[in-house]
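J.: Attaching a single structure in structure tokens format; questions to follow.
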Amino acid sequence: MSDQLYQERIVALAKAKTGAGKLENPTRTVRRDNPLCGDRVILDIRLDGQGRIAELGHQVRGCLLCQASASALSAVAVGRDAAGVAELRHDAERALGREPGDTHEPFDAFAPVASHKSRQECVLLPLEALKDALS
Amino acid sequence: MSFDVAAVRGQFPILSEIIDGLPVHYLDNGASAQTPLAVMDAVRHYETTSRANVLRGVHRLAERATEAYENARARVASFLGVPTMEVVFTGGCTAAINLVAFSYGSLLKPGDRILLSEIEHHSNIVPWQLLRSRSGIELEMLPVTTDGRIDLSALPRFLTPKTKLVSLAHVSNVTGALLDVRAVVEAAKSVGAKVMIDGAQRAPHGPLDLPSLGIDFYAFAGHKAYGPNGIGVLWGRPELMEAMPPFMGGGSMIGRVTLAETTWAPSPRRFEAGTPAIGPAIGLGAACAWMQALDWAGAHDHEMALVQRLMDGLQKIEGTRLFGPASLQNRYPVVSFMLDGVHPHDVAQTLDSFGVAVRAGHHCAQPLMDRFDLDGTTRVSMAPYNDNSDIDALLAGVAHAAKTLR
């Protein structure tokens, strides 16, 4: 038995459920589905006057990796605009070994997913949803 | 004599592999079964001694290839209990259903109805939705009972003289429930409707006697029935097949081609345009022969004992719920379950770390998941070569997921 994927930090992120839930008055709501596995993310965001995220709420119907990613994203997205969120995406891509370079907290927690290609979309789904919400 | 599972396992080399230090506990047979040496040997024999195109050449390799290809058709026909020339080779089960949706579907008129069910695989839903958008036919769905069976008590409500076809899964790829085909046929015939059966999950569990079922079309996939990928089968009632236009045009399917018009070859050639998947067809023929040689009474008892062991073991793990028939009657060895608080993909990923292969998710049956408001299920699908060690490894993995992931 080997538990390479579900390391403590990933499980802790998922259990933290940071940002889980709906927002009362979202500026935008987006839904993103992964047609291959059926994972679904609904994201509410509230923007400030400068196009930056003031508040974020997520509802994840998906696996632990998707929940952990949404939780990680919620922890660092507030105050970022589209360019700032794109940088988070690059950080996640680096953690997954899809781009070269160093990765940072919290997405560095997803480094164990680098060797599980079929699960990488689970990590990226919340980031995709947030990109949609800001576009 | 009891079923000799060790002897069966010995015919499947992959089952004795050690991968990353883990044994192979293969319980994803509903997605793709493993293939025995007899199938690999048949394909290798063709590729090394007979490789050529079929039905055209006069040289000896072409003669050998054609003979092997047509022998494969005869083996599949014997497995299904039908005449050889009623078997059409297709690219798979999906391709076979699409063939019927296109060719039989082209004979239907706007307002004609096709009856499916909520339990169907997307392969038995989407081709009919495409037909609906082309031709204006209407689709209706039989409901599913809470124990994961198609609710046949609803048949009289849905069948009308406008119903031209009923197309249902023989065995559910999610719940393992076996369809009472004769009841469907009896009801369908009372309004003049034809019956198509998607046999993808039934064919891997032993020979069939299609004439006794009274159906009109039957489809199954090679790779789920211990054969190669890229090959499937459609059987159709001859008078229907002869009335149907081709699905694809090309070589082999013609009677006579002029620049002005073309006439069609009779079935099965009419529906096998172009060079067929010769090696895979030969492999599927070998798989059917392999299945026909197996003791299926013993194999079925063995498979049901595994199902019982699995269900008993799951029920001892807190928070597991079975989705599907609770009994061993009228079912095949496909078992779906949920583990409260743990997503099915995380269950499956944990099982992989125990060397256990299962499928998790919606199983290409999203309408069924929606109907029961499920994120998905973890599905254990068995074959005669599975044994108690496979089930016990799975149960250990589920217990581990329950302990660590919630």
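The values are calculated or read from the model by the stated rules, or taken from the named source; none is laboratory data. None of the values given here were measured: they were computed from a predicted structure. Using ideal geometry, Cβ is built from the backbone for each residue, glycine included, and neighbour counts are taken over all protein chains shown. Surface accessibility is based on the protein's heavy atoms, side chains included, excluding ligands, DNA and RNA. Shrake-Rupley method; radii C 1.70, N 1.55, O 1.52, S 1.80 Å.
J.: Would you call A:Arg80 away from every other protein chain (no Cβ under 14 Å), charged (D, E, K, R), surrounded by 14 or more Cβ atoms within 10 Å (Cβ to Cβ) and assigned to a strand (DSSP E or B)? Steps first, answer last, please.
T.: Details: away from every other protein chain (no Cβ under 14 Å): yes; charged (D, E, K, R): yes; surrounded by 14 or more Cβ atoms within 10 Å (Cβ to Cβ): yes; assigned to a strand (DSSP E or B): no.
No, not satisfied.
J.: Select, from B:Ala219, B:Ala225, the only residue that is in contact with an Asp or Glu (Cβ under 9 Å, 6 or more places away or on another chain) and closer than 30 Å to B:Tyr26 by Cβ. Please lay out each step first, then the result.
T.: Details: B:Ala225 fails: in contact with an Asp or Glu (Cβ under 9 Å, 6 or more places away or on another chain).
None of the others qualify; the one that does is B:Ala219.
J.: Oh, and also: From the list B:Gly222, B:Gly192, B:Gly199, B:Gly227, exactly one residue is open to solvent by less than 20 Å² (accessible area, probe 1.4 Å) and more than 21 Å from B:Pro127 (Cβ to Cβ). Which is it? Don't jump to the end; show me each part of the working.
T.: On the way: B:Gly222 fails: more than 21 Å from B:Pro127 (Cβ to Cβ); B:Gly192 fails: open to solvent by less than 20 Å² (accessible area, probe 1.4 Å); B:Gly199 fails: more than 21 Å from B:Pro127 (Cβ to Cβ).
Unique residue meeting the criteria: B:Gly227.
J.: For the stretch B:29-66, what are the residues that are outside any helix (DSSP H, G or I), of a type outside the set (Ser, Thr, Tyr) and open to solvent by less than 80 Å² (accessible area, probe 1.4 Å)?
T.: As a first pass, look at the stretch B:29-66 and keep what is outside any helix (DSSP H, G or I): B:29-36, B:50-59.
Imposing the further condition that a residue be of a type outside the set (Ser, Thr, Tyr) reduces the set to B:29-31, B:33-34, B:36, B:51-59.
Residues satisfying the conditions are B:Asn29, B:Gly30, B:Ala31, B:Ala33, B:Gln34, B:Pro36, B:Ala52, B:Asn53, B:Val54, B:Leu55, B:Gly57.
J.: If the Cβ limit is 9 Å and pairs must be 6+ apart or interchain, which residue in the stretch B:40-61 that is closer than 11 Å to B:Pro280 by Cα pairs with which residue that is open to solvent by 70 Å² or more (accessible area, probe 1.4 Å)?
T.: B:Tyr46/B:Arg64
J.: Also, I was wondering about something else. I'd like to know if the stretch A:16-25 contains one or more residues that are among the hydrophobic types (A, V, I, L, M, F, W, C), within 9 Å of chain B (Cβ to nearest Cβ) and either open to solvent by 40 Å² or more (accessible area, probe 1.4 Å) or touching a Leu at 6+ places or on another chain (Cβ under 6 Å) (or both).
T.: no
J.: When the stretch B:217-232 is examined, which residues are found to be assigned to a strand (DSSP E or B) and more than 22 Å from B:Pro384 (Cα to Cα)? Lay out the reasoning, then the answer.
T.: If we filter the stretch B:217-232 for residues that are assigned to a strand (DSSP E or B), which is where we start, we get B:217-221, B:232.
Once the filter is applied, which keeps residues that are assigned to a strand (DSSP E or B) and more than 22 Å from B:Pro384 (Cα to Cα), the stretch B:217-232 yields B:Phe217, B:Tyr218.
J.: In the list B:Arg321, B:Arg256, which residue meets the criterion of being touching a strand residue (DSSP E or B) at 6+ places or on another chain (Cβ under 9 Å), in a strand (DSSP E or B), in the same structural domain as B:Asp390 (by TED's automatic domain parsing) and among the charged types (D, E, K, R)?
T.: Numbers: B:Arg256 fails: in the same structural domain as B:Asp390 (by TED's automatic domain parsing).
Of the residues listed, the single one that is touching a strand residue (DSSP E or B) at 6+ places or on another chain (Cβ under 9 Å), in a strand (DSSP E or B), in the same structural domain as B:Asp390 (by TED's automatic domain parsing) and among the charged types (D, E, K, R) is B:Arg321.
J.: Regarding the stretch B:292-310, can at least one residue be identified that is aromatic (Phe, Trp, Tyr), surrounded by fewer than 24 Cβ atoms within 10 Å (Cβ to Cβ), under 19 Å from the mean Cα position of the chain (by Cα) and closer than 25 Å to B:Gln11 by Cα?
T.: Within the stretch B:292-310, the first condition is being aromatic (Phe, Trp, Tyr), and the residues that meet it are B:296.
Imposing the further condition that a residue be surrounded by fewer than 24 Cβ atoms within 10 Å (Cβ to Cβ) reduces the set to B:296.
Okay, now just the ones that are also under 19 Å from the mean Cα position of the chain (by Cα), so B:296.
Remaining after also requiring closer than 25 Å to B:Gln11 by Cα: B:296.
The answer is yes, given that some residue of the stretch B:292-310 is aromatic (Phe, Trp, Tyr), surrounded by fewer than 24 Cβ atoms within 10 Å (Cβ to Cβ), under 19 Å from the mean Cα position of the chain (by Cα) and closer than 25 Å to B:Gln11 by Cα.
J.: A further question on this structure: Please determine, by comparing only the residues of the stretch A:26-46 that are open to solvent by less than 40 Å² (accessible area, probe 1.4 Å) and modelled with pLDDT of 95 or more, which one is farthest from B:Gln349 (Cα to Cα). First the steps, then the outcome.
T.: At the first step, the residues of the stretch A:26-46 found to be open to solvent by less than 40 Å² (accessible area, probe 1.4 Å) are A:30, A:34, A:37-39, A:41, A:43-45.
If we keep only those that are modelled with pLDDT of 95 or more too, we end up with A:30, A:41, A:43-45.
Working: A:Val30: 28, A:Val41: 20, A:Leu43: 26, A:Asp44: 29, A:Ile45: 31 Å.
If we take residues in the stretch A:26-46 being open to solvent by less than 40 Å² (accessible area, probe 1.4 Å) and modelled with pLDDT of 95 or more, then A:Ile45 is farthest from B:Gln349 (Cα to Cα).
J.: Then there is this: Of the residues B:Ser123, B:Ser103, which is of a type in the set (S, T, N, Q), modelled with pLDDT of 95 or more and closer than 22 Å to B:Ala225 by Cβ?
T.: On the way: B:Ser103 fails: closer than 22 Å to B:Ala225 by Cβ.
It is B:Ser123.
J.: So is B:Glu17 farther than 23 Å from B:Ala221 by Cβ and not assigned by TED's automatic domain parsing to the domain that holds B:Tyr226 or not?
T.: Details: farther than 23 Å from B:Ala221 by Cβ: yes; not assigned by TED's automatic domain parsing to the domain that holds B:Tyr226: yes.
Yes: the conditions hold for B:Glu17.
J.: Condition first: among the aliphatic types (A, V, I, L, M), more than 27 Å from B:Ala360 (Cα to Cα) and part of a loop (DSSP other than H, G, I, E, B). Now tell me which residues in the stretch B:165-196 satisfy that.
T.: Quick first cut of the stretch B:165-196, residues among the aliphatic types (A, V, I, L, M) only: B:165-166, B:168-169, B:171, B:174, B:177-179, B:181, B:183-185, B:187-188, B:191, B:193, B:195-196.
Filter again for more than 27 Å from B:Ala360 (Cα to Cα), leaving B:165-166, B:181, B:183-185, B:187-188, B:191, B:193, B:195-196.
Those that are among the aliphatic types (A, V, I, L, M), more than 27 Å from B:Ala360 (Cα to Cα) and part of a loop (DSSP other than H, G, I, E, B): B:Val191, B:Ala193.
J.: Follow-up. Go through B:Ile282, B:Ile278 for me and flag whichever is touching a His at 6+ places or on another chain (Cβ under 9 Å), among the β-branched types (Val, Ile, Thr), modelled with pLDDT of 95 or more and buried (at least 22 other Cβ atoms within 10 Å of the Cβ). Spell out the reasoning first.
T.: Values: B:Ile278 fails: touching a His at 6+ places or on another chain (Cβ under 9 Å).
Only one candidate qualifies: B:Ile282.
J.: When the residues of the stretch B:328-347 are filtered to those that are open to solvent by less than 20 Å² (accessible area, probe 1.4 Å) and facing another protein chain (nearest Cβ under 10 Å), which remaining residue is nearest to the chain's Cα centre (by Cα)?
T.: Across the stretch B:328-347, the extreme among qualifying residues is B:Pro344.
J.: Now for a different question. Test B:Leu322 against the criterion of being among the hydrophobic types (A, V, I, L, M, F, W, C), open to solvent by 20 Å² or more (accessible area, probe 1.4 Å) and touching a Ser or Thr at 6+ places or on another chain (Cβ under 9 Å), and give yes or no.
T.: Numbers: among the hydrophobic types (A, V, I, L, M, F, W, C): yes; open to solvent by 20 Å² or more (accessible area, probe 1.4 Å): yes; touching a Ser or Thr at 6+ places or on another chain (Cβ under 9 Å): yes.
Yes.
J.: All but one of (1) open to solvent by less than 50 Å² (accessible area, probe 1.4 Å); (2) part of a helix (DSSP H, G or I); (3) within 26 Å of A:Thr27 (Cβ to Cβ) hold for A:Glu87; which doesn't?
T.: (1)
J.: Could you check the stretch B:141-159 and list, in sequence order, the residues that are more than 17 Å from B:Phe372 (Cβ to Cβ), in contact with an Asp or Glu (Cβ under 9 Å, 6 or more places away or on another chain) and either open to solvent by 60 Å² or more (accessible area, probe 1.4 Å) or assigned to a loop (DSSP other than H, G, I, E, B) (or both)?
T.: Those that are more than 17 Å from B:Phe372 (Cβ to Cβ), in contact with an Asp or Glu (Cβ under 9 Å, 6 or more places away or on another chain) and either open to solvent by 60 Å² or more (accessible area, probe 1.4 Å) or assigned to a loop (DSSP other than H, G, I, E, B) (or both): none in the stretch B:141-159.
J.: Just the residues that are open to solvent by less than 20 Å² (accessible area, probe 1.4 Å) and part of a helix (DSSP H, G or I), please, taken from the stretch B:86-122.
T.: Answer for the stretch B:86-122, where residues must be open to solvent by less than 20 Å² (accessible area, probe 1.4 Å) and part of a helix (DSSP H, G or I): B:Cys93, B:Ala96, B:Ile97, B:Leu99, B:Val100, B:Ala101, B:Ser103, B:Gly105.
J.: Answer yes or no: is there a residue in the stretch B:362-380 that is away from chain A (no Cβ under 14 Å) and modelled with pLDDT of 95 or more.
T.: Yes, there is a match, as at least one residue in the stretch B:362-380 is away from chain A (no Cβ under 14 Å) and modelled with pLDDT of 95 or more.
J.: Right, another one. Identify, from the list A:Leu47, A:Leu56, A:Leu36, the residue that is within 14 Å of chain B (Cβ to nearest Cβ) and more than 11 Å from the chain's Cα centre (by Cα).
T.: Details: A:Leu47 fails: within 14 Å of chain B (Cβ to nearest Cβ); A:Leu56 fails: within 14 Å of chain B (Cβ to nearest Cβ).
A:Leu36 is the lone residue from the list that is within 14 Å of chain B (Cβ to nearest Cβ) and more than 11 Å from the chain's Cα centre (by Cα).
J.: So if I check each of B:Pro13, B:Pro83, B:Pro23, which one is open to solvent by 50 Å² or more (accessible area, probe 1.4 Å), modelled with pLDDT of 95 or more and within 14 Å of another protein chain (Cβ to nearest Cβ)? If you could, list the steps in order and put the result at the bottom.
T.: Details: B:Pro13 fails: within 14 Å of another protein chain (Cβ to nearest Cβ); B:Pro83 fails: within 14 Å of another protein chain (Cβ to nearest Cβ).
Checking each option against the conditions leaves just B:Pro23.
J.: With without any contact (Cβ under 8 Å) to a residue 60 or more places away in the chain, crowded, with 22+ Cβ neighbours inside 10 Å and either closer than 28 Å to B:Ala402 by Cβ or within 14 Å of chain B (Cβ to nearest Cβ) (or both) as the only criterion, which of A:Gln120, A:Gln67 stands out?
T.: It is A:Gln67.
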